[in-house]
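Right, one structure below, let's go through it.
Values in this text are rule-based calculations from the coordinates and carry no lab data. Quick caveat: nothing in here was measured; it's all calculated off a predicted structure. For neighbour counting, all protein chains shown are included, and Cβ atoms are generated from backbone atoms with ideal geometry for every residue, glycine included.
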Amino acid sequence: MSHGHSHDGAPCGGHHGDDGAGGSRPSVNDVQALVDQLRLAGVDVSNMPNIPTAPRDMDEARSKSFQFWSTQPVPQMDETVPADVNCAIEENIALDKVRAEPFSLPAGFRWSNVDLSDEEQLNELYNLLTRNYVEDDDSMFRFDYSADFLKWALQVPGFRPEWHCGVRADSNNRLLAFIGAVPQTVRVYDKTVNMVEINFLCVHKNLRSRRVAPVLIREITRRVNVTGIFQAAFTAGIVIPKPVSVCRYYHRSLNPRKLIDVRFSHLSAKMTMARTIKLYKLPEETATRNLREMKSTDVPQVFKLLTTSLKQYSLAPVYNSEEELAHALVPKKGVVYSYVAENQNGKITDFVSFYSLPSTVMGHTTHKTIYAAYLYYYVAGSVTPKQLINDSLILANREKFDVFNALDLMHNEKIFSDLKFGKGDGNLQYYLYNWKCADMKPSQIGLVLQ
Amino acid sequence: MIIAWAVSSFQDHPKNENQEEEPIDTLLEAKFDAATTRLPGFLTKIDQKTILKFYGLYKQAVEGPADSKKGPYWFETVARKKFNSWLANSQMSRSRAMEAYCELMAQLDTSWDPDAETVKKSGLWEKMPSTMGVIEPEMFDDAVVHPPTKLETETEKKWFAAMRVSDIDTMRTLLRNEPEIIEAKDQYLAMTALLWATDLGCDPVVQFLIENNVDVNAVDGCLQTALHFAAQCHRPLLAELLLQAGADRSALDADGLTPSECCDDEDLRKKLTP
Ligand SMILES: CC(C)(COP(=O)(O)OP(=O)(O)OC[C@H]1O[C@@H](n2cnc3c(N)ncnc32)[C@H](O)[C@@H]1OP(=O)(O)O)[C@@H](O)C(=O)NCCC(=O)NCCS
């Protein structure tokens, strides 16, 4: 799977020194010499950084050519995979055949694992991911992954330091790019596959559009391959070959006044703020009376409950141990929130969780951050999913979240309109690397990636 | 890809020990590239001094600071002049030199729009939070949307539009031509500009309307006053303004509630209690 192209058609724009550093020789005709020098150096327009456009929907993507992804083991954009196909695209490579040496970086750069247990490095990654956005872009919100969130998402049981893969500049040691992988067993239809989840791909803004992302993807692939894993799952807001499913975000206002103030949502001319506030108002108490915060001692029961429940979906995580599940779901303030309903016999019947991922509000005078809760895993046993999710709205509201987000996967779509969710403007595509299977409807998806 | 990555900004220029080497912004580089291709067309029209300025900035932008020990001899007049012009910029970062070059070019060539080069935004692959869009009454099952009984006139349309964006100047002009517009009701919910501005929190509009002697106790179809809206939307400042202008604390809406009874904010509730 290491398709070792040394050059994937990158724009070769750039300046070549006119006559070498410091070595100016006297010239007869100054002006003429300058003209020549500048002509030589002046970069032809066709060589200017050729910034490709990122397709945001399937139609756009069908008409685009993918310099990088067309070299990778993924289905073609226009390919329809029949229902009986569910397998790897490329066979596993014998471990001694996997490329052993890292993909080379240009002089002046080096690979460097980011150790998230080290406060300083964790902070560097936090800054790269959250402080490093392109200015004067007209989008008003950015993800603001907290340091604790990053540790939770990346330091899962069995994580490998070399899968927290960074690139640094030699000159000043700055972290300029990152890609992360974590081990995760995933069931795709009837096959259970050891995979990694890929996340937090990021390139310093001043290095964008220079085909750095493909080097990172190749390198993380290599590092995963050497451990005998050849499949990956990931999500993205863009469309590349080829989504296994296209999901949509829905949003439920908890603090409508703030969301409207920061223009996260808007009022139509027929809607007053007063009425909006009234309509979104939630009760103080959950309808499920015995709902309480999940504890470590609940892990064995939740493990059984969730494992059984996930069987109904075509794409779902498989927790190999209670430890894995505990890491994902035992509450961590500011990161992940989980609740269980326990009956008189001490049996856990229902469970719901959400994680916290705030967004920075760009250029607003009073509000800097939107606190967003994202629906995570849940099992509605004794109550309806609708009641359970509504209860999680109440709990999120109690924790002072401004908005509750959910994708239209699992059973979510059926309850959105009753619970006053509004459709978002963003799709989230699900991808499998080196795997071919029939497309899935969002309701077949039971895997939630951060 | 490695070639491209390296060539575009990092290769072949001496490292400057004192300065943090920052990668150059892609868009700035595109702008700079475009500027350099424009210079040859101007060389015959500009003076020697300006040419030297361009030269100095160009070298600094492409190669970084000159090494003062490696310059040409003093008697090589022309070369020395060029070199000095380069040396003069040695404190500039490469990005700054590119910017300065572009600025100089923009002054020279007024028909050149440097920002045209930045139309293609980077950050295109960026993962961005989804946002929510417009909240319509139809999103809620208990919605009661009546078809408009009376359509807004063109002037009324302008009046409400200006109110929404707190465009006082336009409102003032409209009011001068048509004084009765101050109490005009919108076509959907039969609310005056004062009710809307209180509801939406357009503070300057409320101030402006009060200054122009608006009826502070005007009501909508549900008999709600501006104070009812300030109460429900937690707007203590506007409540204060309205009270000073004579708003009635004991006005009852269609449900028989006073503003304070519609308010679930402790402090504001106290302030509104008749
Ligand atoms: C995402 C990001 C790393 C892309 O970097 P870039 O410099 O613009 O992209 P490059 O020019 O190096 O590479 C472009 C190639 O990478 C691919 N690519 C870009 N983002 C991708 C993503 N999120 N997932 C998979 N592939 C991606 C593109 O499809 C393209 O390949 P193609 O020609 O086959 O279509 C960069 O925009 C970034 O750091 N953004 C902020 C963080 C972020 O939003 N990350 C998203 C994932 S969490």
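Just list whichever of A:258/A:278; A:304/A:414; A:151/A:368 have alpha carbons separated by over 20 Å in the model shown.
Over 20 Å apart, Cα to Cα: A:304/A:414; A:151/A:368.
What is the Cα centroid distance between the range A:433-448 and the range A:200-270, reported in whole angstrom?
Each part reduced to its Cα centre gives a spacing of 17 Å.
Can you compute the charge dipole magnitude of the range B:154-272 about its Cα centre, using +1 on each Lys and Arg Cβ and -1 on each Asp and Glu Cβ, nothing else charged? Give it in debye, rounded to the nearest 20.
Once rounded to the nearest 20, the dipole reads 180 debye.
Gap in Å between the Cα centre of the range A:283-361 and the Cα centre of the range A:372-425?
Using only Cα atoms, the two centres lie 14 Å from each other.
Can you compute the charge dipole magnitude of chain A about its Cα centre, using +1 on each Lys and Arg Cβ and -1 on each Asp and Glu Cβ, nothing else charged? Give it in debye, rounded to the nearest 20.
For chain A, the charge dipole is close to 1260 debye.
Please get the size of the charge dipole for the range A:106-204, origin at its Cα centre, with Cβ charges of +1 on Lys and Arg and -1 on Asp and Glu, quoted in debye to the nearest 20.
Magnitude of the dipole: close to 440 debye.
Averaged over A:238-244, how many beta carbons belonging to a partner chain fall within 10 Å of each residue's beta carbon? Before the final figure, lay out each step's value.
Values: counts 4, 0, 1, 0, 0, 0, 0.
Other-chain Cβ atoms within 10 Å of each residue's Cβ, averaged: 1.
What's the exposure ranking of B:165, A:186, going from fewest to most Cβ atoms within 10 Å?
Ranked by crowding around the Cβ, least crowded first: B:165, A:186.
What percent of all Cα-Cα pairs in the range A:374-421 falls in each 10 Å bin, counting up from 0?
Per 10 Å bin, starting at 0, the Cα pair percentages come out as 24, 63, 12.
Per 10 Å bin, what percent of the C-alpha pairs of the protein assembly as shown does each bin hold, from zero upward?
With 10 Å bins starting at 0, P(r) equals 3, 12, 19, 19, 17, 15, 10, 4, 1, 0.
Please list, ordered by chain and number, the residues whose modelled amide H lies under 5 Å from the amide H of residue A:368; skip anything fewer than 5 residues away on the same chain.
HN-HN under 5 Å from residue A:368: empty list.
Work out the charge dipole of the range B:130-258 with +1 on the Cβ of Lys and Arg and -1 on the Cβ of Asp and Glu about the Cα centre, then indicate which of B:237, B:159, B:177 is farthest towards its positive end.
Positive-end residue among those listed: B:177.
Give me the percent relative contact order of the range B:154-272, please, defined on Cα pairs under 8 angstrom at least 6 residues apart. Can you show the working numbers first?
Working: 167 pairs, mean separation 22.4, N = 119.
Over the range B:154-272, the number comes to 19 percent.
What is the projected area of the convex hull of the Cα atoms of the range A:53-244, averaged over all directions, in nm²?
Value for the range A:53-244: 12.5 nm².
Give the whole-number value, in cubic angstrom per residue, of the convex hull volume spanned by the C-alpha atoms of chain B.
Convex hull of Cα atoms, per residue: 265 Å³.
Counting C-alpha atoms alone, how compact is the range B:154-272: give Rg to one decimal and Dmax as a whole number, in angstrom.
Considering the range B:154-272 through its Cα atoms, Rg and Dmax are 13.6, 43 Å.
For chain A, what is the percent of antiparallel DSSP beta bridges, rounded to the nearest 5?
Of the beta bridges lying entirely in chain A, close to 90 percent run antiparallel.
From the phi of every residue in the range B:206-214, what ³J(HN,Hα) in whole Hz does the Karplus formula 6.51 cos²θ - 1.76 cosθ + 1.60 yield, where θ is phi - 60° and glycine or proline is x?
These are the phi-based 3J(HN,Hα) values: 4, 4, 4, 5, 4, 4, 9, 6, 5 Hz.
Show me the trypsin sites (Lys or Arg not before Pro) within the range A:78-137 that DSSP assigns to loop and that have at most 15 other Cβ atoms within 10 Å of their Cβ.
Here the trypsin sites (Lys or Arg not before Pro) that fit, given the DSSP loop and packing criteria, are A:131.
In whole Hz, what ³J(HN,Hα) sequence does the range A:245-262 give by Karplus (6.51, -1.76, 1.60; θ = phi - 60°), x for Gly and Pro?
Here the 3J(HN,Hα) series is 7, 10, 10, 10, 7, 10, 10, 10, 5, 10, 10, x, 4, 5, 4, 6, 4, 8 Hz.
When you have a sec, figure out the Kirkwood radius of the range A:310-401 from all distinct Cα pair distances and drop it here in Å to one decimal?
14.9
Taking the beta-carbon count within 10 Å as an exposure proxy, list A:58, B:128 from fewest neighbours to most.
In order of increasing Cβ crowding within 10 Å: A:58, B:128.
How much space per residue, in cubic angstrom, does the convex hull of the C-alpha atoms of the range B:189-236 take up?
It comes to 65 Å³ per residue, whole-number rounded.
Take peptide A:274-285, look around each residue's Cβ out to 10 angstrom, count Cβ atoms belonging to other protein chains, and average those counts.
Numbers: counts 14, 10, 7, 5, 3, 6, 2, 1, 0, 0, 0, 0.
Across the residues of A:274-285, the mean count of other-chain Cβ atoms within 10 Å is 4.
Once you put a point 7 Å from the Cα of residue B:180 and another 7 Å from the Cα of residue B:84, both along the Cβ direction, what distance in nm separates them?
Simple spin-label model gives 8.0 nm for this pair.
With an 8 Å Cα cut-off and a minimum separation of 6 or more residues, compute the relative contact order for chain A in percent.
In percent, rounded to a whole number, it is 21.
Can you give the longest run of chain B that contains no chymotrypsin sites (Phe, Trp or Tyr not before Pro) sitting in a DSSP loop with at most 12 other Cβ atoms inside 10 Å?
Answer from the scan: B:76-274.
Would you calculate the separation in nanometres between label points at residue B:244 and residue B:70, each defined as 7 Å from the Cα along the Cα-to-beta-carbon direction?
A separation of 6.9 nm, rounded to one decimal place.
Relative contact order for chain B: what percent, with Cα pairs under 8 Å and sequence separation of 6 or more?
Taking the mean separation of contacting Cα pairs over the length of chain B, I get 11 percent.
Tell me, what ³J(HN,Hα) does each residue in the range A:357-366 have, in order and in whole Hz, if you take phi through Karplus 6.51 cos²θ - 1.76 cosθ + 1.60 with θ = phi - 60° and put x for Gly and Pro?
9, x, 10, 7, 9, 7, x, 10, 6, 9
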